[in-house]
Amino acid sequence: MMNSIQTFEQNSKIIRATTIKMAYDSKESHLSSALSCVDILNILFGGCLKHNKKNPERDRFILSKGHACSALYATMAFYGIIPVEMLSRYSTTDSELPNHPCKFALPELEISSGSLGHGLGIASGIMYGLRLDNRDTPRSIVLMSDGECNEGSVWEAAMFAAAQKLNKLVAIVDNNGSQAVGRSDELMGFTSLEDKFKSFGWEAITVNGNSCLELLQALTKIPFSKDKPSAIIAKTISGAGVSFMENNQIWFYRQPNKENLDAAITELNVEPLQK
Amino acid sequence: MRRAFSDTLVNVAEKNNKIIFLTGDLGFQVFDKFIEKFGARYVNTGVAEAQLVNAAVGLALEGWRPIIYSIAPFATARPYEQIRFGIAYHNLPVMIVGAGGGFTYAQAGVTHHAPDDLALMSALPNMTVVAPGGPDELEALMPQMLRLDGPSYLRVGKFGEPNVGSNSPIMLGKARTLIKGEKVAILTLGDIVSDIKPEIERLHAKGIKPGLFHYHTIKPLDTSSFSEIEAEYEQAIVLEECIPQGGLFQQLCCWKATTNAALQLKRCGAPDSFILGNPTREELRRRIGVDAHSLGCICKSIFGR
């Protein structure tokens with residue numbers, strides 16, 4: 001039974017509070033980039049993704065923007081995939097939850113990440129291999145950043161996936177508009193990611209990526225085409241959900257102090273999962 | 001050696017239905033037999049080497065045994081980050097094949113030279129690195145490499161090299177004793193052995209008797225064979241179509257620094273510079289002293305003839 005939109009929205013708040021608390025505790029996070037994709041992760045793990053790693057027919061999910069992993073871990077803890085207690089070890093030595101995801105530390109992952117531009121190509125190989133095995137149930141869903149789309153390897157993968165008609169491959173671009181140093185629009189020449197994917201032979205739509213409703217509607221429609229891969233350009237806000245972090249580049253790097261943490265929790269009006 | 005590769009590829013793919021071959025848009029007509037037999041297990045990713053590697057990573061995660069193929073510089077240096085991240089870090093059983101390693105494509109210019117392929121691949125944890133001396137070694141080693149649990153790199157030469165031709169066993173990770181000798185041990189890496197072995201045989205006929213040891217595997221390094229060479233010879237000369245950093249010579253030097261052996265170790269190999277001027281491979285090898293003539297002169301000098 002799928003959650004109601006209101007429940008999803010409330011869950012997003014708890015995941016955000018949890019993610020911010022992880023950043024406060026560890027002093028290690030790309031917080032604005034994690035917060036922008038919380039709603040996407042929430043909708044995926046809250047119902048749109050078959051994520052049981054033991055199930056060979058599961059969907060293959062890859063967080064290609066590995067620097068946003070605190071939001072992934074918080075979402076996985078929220079939905080009971082990893083224990084909440086594990087979050088307190090985020091970004092500590094020998095942790096299951098390093099600050100870039102490592103498959104050897106956390107076997108629930110399909111692959112490690114942290115270096116940008118790999119997820120889509122790897123997912124295309126996964127889908128080619130599954131199709132060759134005549135297994136047409138699993139999909140592969142890759143969550144990428146817009147800055148990641150600077151990488152040429154993303155477009156090599158996009159070309160391959162379209163040429164091979166990998167219609168069970170889904171790219172979700174967390175289009176929060178900001179990169180490590182600049183604005184993604186400025187660095188990509190103010191061009192449309194939706195148009196880019198379409199011109200590479202994909203079916204693509206743009207949605208409000210901080211709207212649980214729009215994300216849910218989009219994800220329930222995939223594949224958008226029977227012989228093309230699907231791209232969802234999710235327009236999001238960097239630092240989404242906490243007013244003083246929104247669209248403020250410093251929160252890509254800054255870790256919250258106690259005052260920031262308290263202000264964020266007060267605004268979200270929920271408690272984080274961890275103590 | 002290229003033909004031995006394509007034939008062996010068909011043979012191993014017949015025995016193992018999880019083998020899948022990916023090319024970065026190279027190998028015109030070389031793999032026609034494979035395509036005819038295995039259809040969708042042949043994938044052309046296009047001139048897109050990052051995708052060539054990443055697709056193989058995804059396939060390996062799903063239990064396939066990908067063999068990826070391109071010209072050596074484009075199979076190694078170009079997608080190095082993808083190899084390092086996807087294949088090496090995750091220790092996946094992907095075989096990377098660099099066609100025309102070393103200076104096989106000497107006259108094609110610096111863009112097509114790959115004297116660094118073995119060094120680059122050796123720098124990666126989990127990687128096994130192999131440069132067969134001839135078609136017979138390739139045929140023997142490739143199935144052994146495909147039994148590994150982790151990744152490997154195979155340097156493949158051109159068409160038409162002779163077999164190494166020796167009864168010495170061909171075992172992955174083990175140097176081969178091709179000719180026993182005295183005083184001086186010649187150590188070859190890769191297909192240079194096909195030039196050197198006949199020269200050593202000619203020298204023996206003249207009473208000059210260096211030993212010949214052939215390294216088809218550079219990683220893991222066969223230190224036990226080298227220990228025997230250290231014990232039995234006064235000098236060893238490494239011949240390698242490889243840059244100084246990370247080649248056989250440097251790796252043996254590092255090993256030797258941990259032993260007390262008196263063996264003198266010398267090197268004939270590619271310099272730490274780009275080779276301009278589009279020489280033929282033969283001219284290039286002569287220029288850098290990695291050829292039969294240069295070796296003959298060195299041996300005659302050492303043996304006082």
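FYI, it's all coordinate maths here, none of it is from the lab. Since we're looking at a predicted model, the values are computed, not measured. Neighbour counts are summed over all protein chains in view; Cβ atoms, including those assigned to glycine, are modelled from backbone coordinates with ideal geometry.
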A student applying the Cα gyration tensor rule (rounded when a/c is under 1.5; otherwise prolate if a/b is larger than b/c, oblate if not) would label segment B:159-238 oblate
Highest GNM mean-square fluctuation among B:Ala114, B:Ala261, B:Ala56, for chain B with Cα springs under 10 Å, belongs to B:Ala261
With the dipole of segment A:5-268 defined by +1 on each Lys or Arg Cβ and -1 on each Asp or Glu Cβ, the option from A:Leu41, A:Ala123, A:Ser238 whose Cα lies farthest towards the positive pole is A:Ala123
With a ≥ b ≥ c from the Cα gyration tensor eigenvalues, square-rooted, and the rule rounded for a/c under 1.5, otherwise prolate when a/b > b/c and oblate otherwise, segment A:1-116 is oblate
Per GNM of chain B with C-alpha springs under 10 angstrom, the most fluctuating residue out of B:His214, B:His113, B:His204 is B:His204
Nearest 10, in degrees from 0 to 90: the angle of helix A:69-78 to the longest Cα principal axis of chain A is 80
With a ≥ b ≥ c from the Cα gyration tensor eigenvalues, square-rooted, and the rule rounded for a/c under 1.5, otherwise prolate when a/b > b/c and oblate otherwise, segment B:202-284 is oblate
Given unit charges at Cβ for Lys, Arg (+) and Asp, Glu (-), the dipole magnitude of segment B:176-302 about its Cα centre in debye, nearest 20, is 220
Counting only DSSP loop positions in segment B:131-182, the GluC sites (Glu not before Pro) whose Cβ has at most 16 other Cβ atoms within 10 Å are B:Glu182
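If r is the Cβ-Cβ distance from A:Lys258 to A:Val84 and R0 is 25 Å, what FRET efficiency results, to the nearest 0.05?
On the way: r = 21 Å, r/R0 = 0.85.
FRET efficiency, A:Lys258 to A:Val84: 0.70.
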Phi angles of segment B:20-27, converted by Karplus (6.51 cos²θ - 1.76 cosθ + 1.60, θ = phi - 60°) into ³J(HN,Hα) in whole Hz with x for Gly and Pro, give 10, 10, 10, 10, x, 6, 9, x
Label model pair A:Arg183, B:Ala123: point-to-point distance (7 angstrom along the Cα→beta-carbon line) in nm is 3.8
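Ranked by Cβ crowding within 10 angstrom, fewest neighbours first, how are B:Ile96, A:Ile15, A:Ile250 ordered? Walk me through the intermediate numbers first.
On the way: B:Ile96 28, A:Ile15 32, A:Ile250 10.
Sorted ascending by nearby Cβ count, the order is A:Ile250, B:Ile96, A:Ile15.
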Measuring from its Cα centre, chain B shows a charge dipole (+1 at each Lys and Arg Cβ, -1 at each Asp and Glu Cβ) which, in debye to the nearest 20, is 360
Too long for a 23 Å Cα-Cα cut-off, among A:Lys228/B:Lys18; A:Lys13/A:Lys275; A:Lys235/A:Lys258, are A:Lys228/B:Lys18; A:Lys235/A:Lys258
Once amide hydrogens are built 1.01 Å from N within the peptide plane, the residues lying 5 or more places from B:Arg65 or on another chain with amide H under 5 Å from its amide H are B:Ile19, B:Ile20
The set of residues whose placed amide H lies less than 5 Å from the amide H of B:Gly181, leaving out same-chain residues fewer than 5 positions away, is B:Gly211, B:Leu212
Amide H proximity to A:Glu271 below 5 Å, modelled H, separation 5+ or other chain, gives none
Expressed in angstrom and rounded, the centroid-to-centroid distance over alpha carbons for segment B:138-186 and segment A:167-212 is 49
Expressed in angstrom and rounded, the centroid-to-centroid distance over alpha carbons for segment B:112-134 and segment B:247-283 is 14
Under the Karplus relation with 6.51, -1.76 and 1.60 and θ = phi - 60°, whole-Hz ³J(HN,Hα) for segment A:173-186, x at Gly and Pro, equal 9, 6, 8, 8, x, 10, 10, 4, 10, x, 8, 5, 4, 5
Out of B:Phe249, B:Pro210, B:Gly277 - ranked by how far each Cα lies towards the positive end of the dipole of segment B:176-302, with unit charges on the beta-carbon of charged residues - the top one is B:Pro210
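In segment A:81-143, which chymotrypsin sites (Phe, Trp or Tyr not before Pro) fall in coil by DSSP and have 13 or fewer other Cβ atoms within 10 Å? Don't skip to the answer; put the middle values down first.
Numbers: sites: A:Tyr90, A:Phe104, A:Tyr128; in loops: A:Tyr90, A:Phe104.
Filter output for segment A:81-143: A:Phe104.
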Within the set A:Gly46, A:Gly209, A:Gly239, GNM on chain A using Cα springs under 10 Å gives the largest fluctuation to A:Gly46
For segment B:1-120, the charge dipole (Cβ of Lys, Arg +1; Cβ of Asp, Glu -1; about the Cα centre) points to a positive end, and the Cα of B:Phe34, B:Ala75, B:Pro115 closest to that extreme belongs to B:Phe34
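With only Lys, Arg, Asp and Glu charged, each at its Cβ (+1 for the first two, -1 for the last two), find how big the charge dipole of segment B:2-156 is about the Cα centre; round to the nearest 20 debye.
Numbers: 12 positive and 14 negative charges, 39 e Å.
Taking the Cα centre of segment B:2-156 as origin, the dipole is about 180 debye.
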Helix A:119-132 sits off the longest principal axis of the Cα atoms of chain A, rounded to the nearest 10 on a 0 to 90 degree scale, by 50
